[in-house]
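The values are calculated or read from the model by the stated rules, or taken from the named source; none is laboratory data. Worth saying up front: this structure is predicted, and the values here are computed from it rather than measured. All Cβ positions, even for glycine, are placed from backbone atoms using ideal geometry, and neighbour counts span all protein chains on display.
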Amino acid sequence: YKDNISAICRRWNWREADRTKLGEETKNCFLVIEGLPPVTKQEIENAAQELKELVQKFCDGNITCKILDEKQPETDL
């Protein structure tokens, strides 16, 4: 993944560096769910919905979900 500053590693970015780790002061972040066959799109959508509910319950946060695939390989955050 990359942002306008630099590339961010695919895994462990929550602890990669001060710039990307999550903490109590974190206000904005993005969370990634990856699904490769045999995982179905419905299973990915279900996981995203569960994650949304958990973030709302435990972090008092809001989530906007975006699903990327071969037809939509990128999005703006």
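The number of residues in region 47-65 that are surrounded by 12 or more Cβ atoms within 10 Å (Cβ to Cβ) and more than 19 Å from THR26 (Cβ to Cβ) comes to 3. Filtered by the rule that a residue be closer than 28 Å to ASN4 by Cβ and of a type in the set (Lys, Arg), region 32-75 gives LYS52, LYS66, LYS71.
If we keep just the residues of region 25-45 that are exposed (fewer than 12 other Cβ atoms within 10 Å of the Cβ) and in a helix (DSSP H, G or I), which is modelled with the lowest pLDDT?
The residue in question is LYS41.
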